[in-house]
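Enquirer: This is the structure I have questions about; it appears just below.
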Amino acid sequence: MIDILVAGGGYVGLSLAVALKHAAPHLQVELVDGAPATAWQRDERASALVAAATNLLQVLGVWEQIAPEAEPIRRMVITDSRTSDPVRPVFLTFEGAGTADDAPFAHMVPNRAVTGSLLSAAERLGVPIHWATSAVDFTTGPHATEVRLSSGETVNARLLVACDGVRSKLRDIAGIKTVRWEYGQSGIVTMVEHERPHEGTAEEHFLPAGPFATLPMTGNRSSLVWTERTEDAERLIASDDLLFEEELERRFGHKLGALKVVGGRRAFPLGLTLARAFVAPRFALAGDAAHGIHPISGQGLNLGFKDVAALAETIVEADRLGQDIGSLAVLERYETWRRFDTFRMGVTTDVLTRLFSNDVTPIRVLRDVGLGIVDRLPGLKSYFIRQAEGLSGHNQPRLLMGQPI
């Protein structure tokens, strides 16, 4: 019997396994994932890592490997306009460093860099990873969970952690219900090169169909998260390169010179999913399996890292006290730690999505006035930056504060 089986080899599953072995090397932690061992190498996406997530990765000893490919976000510009408008007025700007030590409040990093560094750490710490193998069913007993794998084998673990994505099958097997709805939008993700440097500036243009975000990458490159109505997104993904780049330029503008798409383009349906519970006896949810939110705030991945920090600390401290790490009493501490923050972020992104993904004139006027007010209040802007970097509030998990467990 092992101590912990992590189902899912993405950011959340890998970082949880590494965090547990880093803090408690004696724990037997294994990981299974249904994807092939090299699937992560084909991921062309990039993600925004806020300061709290960077702290976690630094403690785990992987940030140094990621840093050469990380681009700091030094300025955030927010506009609100129609695609056809000749001028895009700027309503809100966040400039400078967000953290007390003058570090940027976020970095953009290629997904491959993060995954590769975590895999190296997992190998260094001796975490067995079983690729092309998924957890397909489980039965919970008084002292262990018997997990059936797609290979036909079974594994007995004191705790099973599901990090298997927003449509988690393990969550369904556990009988955990969700609150879920779709927005009728899809997020188009791609990478572009431009003639002029972005100077670390990220921009979020609120357009009638949804936000169009340009995020700085190393060199003269930007990662795009382009929200459109689902039917329009599907049409754009299926279009030829000329039409796609023409539609992209209408939204991106010409301030950085000529554009060239340098990565593949994919579209992902957008919705809100919140698990009604995060735990059951000998079972816990983390990452997208517990919550899937709209990318309007750029916080989805960072919520997953918060889960990792809280769950790892809960498990390790319980183990040090000689408690049963799979007991409901222990796991409920993790749920209590994370439920409110997750619910708050889900509600916030839902309200922002509905508020900014429309072209109703009275609503546009009200939201633009609100953005202008925030822009003129330095104290309020500092509060929002602190929220964005993931370091606000009391009783934060140690890893997020840059402290070992």
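Enquirer: So what J values fall out for the stretch 114-131 if you push phi through Karplus, 6.51 cos²θ - 1.76 cosθ + 1.60 with θ = phi - 60°, rounded to Hz, Gly and Pro as x?
Expert: Residue by residue, the stretch 114-131 yields 5, 4, x, 5, 5, 5, 4, 5, 4, 5, 5, 8, x, 8, x, 10, 9, 7 Hz.
Enquirer: By count of other Cβ within 10 Å, fewest leading, how are Asp307, Asp232 ordered?
Expert: Fewest-to-most Cβ neighbours within 10 Å comes out as Asp232, Asp307.
Enquirer: May I ask you to list the residues of the stretch 1-35 whose amide nitrogen lies under 19 Å from a point 7 Å from Cα along the Cα→beta-carbon direction of Gln41?
Expert: 9-11, 33-35
Enquirer: Also, I was wondering about something else. Could you give each residue of the stretch 303-309 its phi-based ³J(HN,Hα) in whole Hz, using Karplus coefficients 6.51, -1.76, 1.60 with θ = phi - 60°, and x for Gly or Pro?
Expert: 4, x, 5, 5, 4, 4, 4
Enquirer: Here is a further query. Using a Förster distance of 45 angstrom, determine the FRET efficiency expected from the C-beta separation of Phe268 and Thr139, and round it to 0.05.
Expert: Step by step, r from the Cβ atoms, then E = 0.85.
Enquirer: A further question on this structure: Full-extension gain between Arg180 and Leu366, please, as 0.36 nm times their residue separation minus the C-alpha to C-alpha distance.
Expert: Answer, rounded to one decimal: 64.2 nm.
Enquirer: Now a separate question. Test of understanding: extend the Cα→C-beta vector of His26 to 7 Å, then name every residue of the stretch 113-132 with backbone N under 17 Å from that spot.
Expert: Within reach of a label on His26: no residues.
Enquirer: If the cut-off is 14 Å between C-alpha atoms, which aspartates and glutamates fall inside it for Lys306, apart from same-chain ones fewer than 8 positions away?
Expert: Straight-line reach from Lys306, under 14 Å: Asp288, Glu335, Asp341, Glu389.
Enquirer: Mind listing which GluC sites (Glu not before Pro) in the stretch 195-267 are in a DSSP loop and have 14 or fewer other Cβ atoms within 10 Å?
Expert: For GluC sites (Glu not before Pro) across the stretch 195-267 that sit outside H, G, I, E and B with at most 14 neighbouring Cβ atoms in 10 Å, the list reads Glu195, Glu199.
Enquirer: With label points built 7 Å along Cα→Cβ from the Cα atoms of Arg196 and Asp324, find their separation and express it in nm.
Expert: 6.5 nm
Enquirer: Further question: Compute the distance from the alpha-carbon center of the stretch 107-155 to that of the stretch 233-253, in whole Å.
Expert: If you average the Cα positions of each part, the centres end up 38 Å apart.
Enquirer: Sticking with this structure for a sec: Given 0.36 nm per residue, what is the gain on full extension from Gln58 to Thr336 after removing their alpha carbon distance, in nm?
Expert: 97.5 nm
Enquirer: Set the Förster radius R0 to 56 Å, insert the Cβ-Cβ distance between Met1 and His254 as r into 1/(1 + (r/R0)^6), and round the FRET efficiency to 0.05.
Expert: 0.35
Enquirer: Expected output is a single nm value to one decimal: the length gained when fully extending between Arg354 and Arg229, i.e. 0.36 nm times separation in residues minus the C-alpha distance. What is it?
Expert: Result for the pair: 43.7 nm of gain on full extension.
Enquirer: For a Förster distance of 25 Å, can you work out the FRET efficiency between the beta-carbons of Val261 and Val90, rounded to the nearest 0.05?
Expert: Between Val261 and Val90 the formula returns 0.45.
Enquirer: Also: Could you let me know the centre-to-centre spacing of the stretch 320-354 and the stretch 29-73, using Cα atoms, in angstrom?
Expert: Using only Cα atoms to place each centre, the spacing works out to 22 Å.
Rule-based calculations on the coordinates, nothing more; no lab input. Just so it is clear, the model here is predicted, and its values are computed rather than measured. In this analysis, Cβ positions are derived from the backbone assuming ideal geometry, glycine residues included, and neighbour counts consider all displayed protein chains.
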